[in-house]
């Protein structure tokens, strides 16, 4: 399993003889953002796109050097640590300045809640549903103090410290079940759900082992009785052991919901397996989000633009394995905070789309008496997937882009 930012590499300089340099700077209202991570995507000669990542310096900048005979820069982005919108640009030059406007914190509901049919905040929505999260860990974050830390599974060993070593897991947990503690905080879609987390990335963030992910699924399904497991991670390579445990989890009533992947192209694993729910990312031209954030994900291909402002994000994989799609651009989520202040940042890709689907389904199932009366066998997981499919409506895209469509709760 790769880094939670698919194909993200800590950038290494090319040789001075053959390299040319790009300087990327993140700022907000003229102030440099020294806490941002900066990205440059390059296209290799075989067409593969690789994302290079560096932390910004005091001036909010980082330099990336490339060998034109090996790879070509095609895209640059800035992901501020908190408080600002993600920004990106595909207009590549020697210097790229990215403006990241401040987030507008007017929760508990955002546009993504309303797009998914949630118009009123209900702190009990999701109650009684057990949700597992397998990611980079969770917290500390005051809006997520209710999330149970089951530890970390690293190289087959379960250790007690499952705190987030990056930001990704905390973001996903917040989209699923954040409980606001201050005015303006954004809630998760199922704040009443019982959420548990297992970290499967080590502190080097080199990538999760497929066997660790598999063992975490087994623990959550068989011991913790998870109803749903969120897998906002992806890999281009299949794993026989992962598919086997996902199938076994389904036999005891646990449904795995997986991200399609963030690279344009075929749905990745484990989302590619028939036993999972596979989710792609959509963007929407709605009032509020930073134009820079939307520009980062809006496709040039008109065949990927649907109805009512919806479009297939450029930061998603797609194909016939898709079950559904959800917002994956200009979404705001919780990030770790050691100060006790509930911090938030913007996030893009199929990862947040997957977390939103998990939260939405937990919210729906919590009020479905028939589901809650089912035994913990395959019928329970089958019922959950069927329920999700019935909630979906097309946004005017091909099935390879949206699956069954965009799910939403109805009155």
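Does residue 134 satisfy being closer than 20 Å to residue 228 by Cα and in contact with a strand residue (DSSP E or B) (Cβ under 8 Å, 6 or more places away or on another chain)?
yes
For the range 152-209, how many residues meet the condition of being without any contact (Cβ under 8 Å) to a residue 60 or more places away in the chain and surrounded by 24 or more Cβ atoms within 10 Å (Cβ to Cβ)?
2
Considering (1) in a helix (DSSP H, G or I); (2) within 12 Å of residue 133 (Cα to Cα); (3) without any contact (Cβ under 8 Å) to a residue 60 or more places away in the chain, say which one residue 214 fails and leave the rest.
(2)
Within the range 393-411, can you find the residues that are surrounded by fewer than 17 Cβ atoms within 10 Å (Cβ to Cβ) and within 22 Å of residue 264 (Cα to Cα)?
394, 396, 398, 399, 400 - these are the residues of the range 393-411 that are surrounded by fewer than 17 Cβ atoms within 10 Å (Cβ to Cβ) and within 22 Å of residue 264 (Cα to Cα).
Quick one: is residue 249 closer than 21 Å to residue 129 by Cβ and part of a strand (DSSP E or B)?
When the stated conditions are applied, residue 249 does not pass them.
Results for (1) within 16 Å of residue 260 (Cβ to Cβ); (2) surrounded by 15 or more Cβ atoms within 10 Å (Cβ to Cβ), shown as yes or no for each residue.
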{"site": "342", "(1), (2)": "no, yes"}
{"site": "357", "(1), (2)": "yes, yes"}
{"site": "366", "(1), (2)": "no, yes"}
{"site": "377", "(1), (2)": "no, no"}
{"site": "391", "(1), (2)": "no, yes"}
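Among the listed residues 343, 312, which satisfies the condition of being closer than 13 Å to residue 403 by Cα and assigned by TED's automatic domain parsing to the domain that holds residue 169?
Values: 343 fails: closer than 13 Å to residue 403 by Cα.
The unique qualifying residue is 312.
So is residue 326 buried (at least 17 other Cβ atoms within 10 Å of the Cβ), in the same structural domain as residue 225 (by TED's automatic domain parsing), modelled with pLDDT under 95 and in contact with a helix residue (DSSP H, G or I) (Cβ under 9 Å, 6 or more places away or on another chain) or not?
The answer is no for residue 326.
Return a yes/no flag: does the range 192-201 have any residue that is in a loop (DSSP other than H, G, I, E, B), in contact with a helix residue (DSSP H, G or I) (Cβ under 8 Å, 6 or more places away or on another chain), modelled with pLDDT of 95 or more and under 21 Å from residue 326 (Cβ atoms).
Yes, some residue in the range 192-201 is in a loop (DSSP other than H, G, I, E, B), in contact with a helix residue (DSSP H, G or I) (Cβ under 8 Å, 6 or more places away or on another chain), modelled with pLDDT of 95 or more and under 21 Å from residue 326 (Cβ atoms).
Just checking, which of 241, 245, 181, 223 is over 21 Å from the mean Cα position of the chain (by Cα) and either under 30 Å from residue 106 (Cβ atoms) or modelled with pLDDT under 95 (or both)?
Details: 241 fails: either under 30 Å from residue 106 (Cβ atoms) or modelled with pLDDT under 95 (or both); 245 fails: either under 30 Å from residue 106 (Cβ atoms) or modelled with pLDDT under 95 (or both); 223 fails: either under 30 Å from residue 106 (Cβ atoms) or modelled with pLDDT under 95 (or both).
Just one listed residue meets the conditions, 181.
Being touching a strand residue (DSSP E or B) at 6+ places or on another chain (Cβ under 8 Å) and surrounded by fewer than 16 Cβ atoms within 10 Å (Cβ to Cβ) is the filter here; which residues of the range 237-264 pass it?
237, 238, listed by residue number.
If I go through the range 118-135 residue by residue, how many of them are part of a loop (DSSP other than H, G, I, E, B) and under 30 Å from residue 153 (Cβ atoms)?
Here the count works out to 5.
Answer yes if at least one residue in the range 275-294 is at pLDDT 95 or above, closer than 18 Å to residue 391 by Cβ, in a helix (DSSP H, G or I) and out of contact with any helix residue (DSSP H, G or I) (no Cβ under 7 Å at 6 or more places or on another chain), and no otherwise.
The answer is no, given that none of the residues of the range 275-294 is at pLDDT 95 or above, closer than 18 Å to residue 391 by Cβ, in a helix (DSSP H, G or I) and out of contact with any helix residue (DSSP H, G or I) (no Cβ under 7 Å at 6 or more places or on another chain).
May I ask you to say which residue of 101, 80, 55 is without any contact (Cβ under 8 Å) to a residue 24 or more places away in the chain, within 27 Å of the chain's Cα centre (by Cα) and under 29 Å from residue 184 (Cα atoms)?
Within the list 101, 80, 55, the selection yields 55.
Go through the residues of the range 260-267 one by one and say whether even a single one is in a strand (DSSP E or B) and in the same structural domain as residue 222 (by TED's automatic domain parsing).
Looking only at the range 260-267, we keep the residues that are in a strand (DSSP E or B), and these are 266.
After this cut, where a residue has to be in the same structural domain as residue 222 (by TED's automatic domain parsing) as well, the list is 266.
Within the range 260-267 (the criterion being in a strand (DSSP E or B) and in the same structural domain as residue 222 (by TED's automatic domain parsing)), the answer is yes, since at least one residue qualifies.
The values are calculated or read from the model by the stated rules, or taken from the named source; none is laboratory data. Here the structure is a predicted model, which is why all the values come from computation and not from measurement. When we count neighbours, we look across all protein chains shown, and the Cβ atoms used for this are built from the backbone with ideal geometry, even at glycine.
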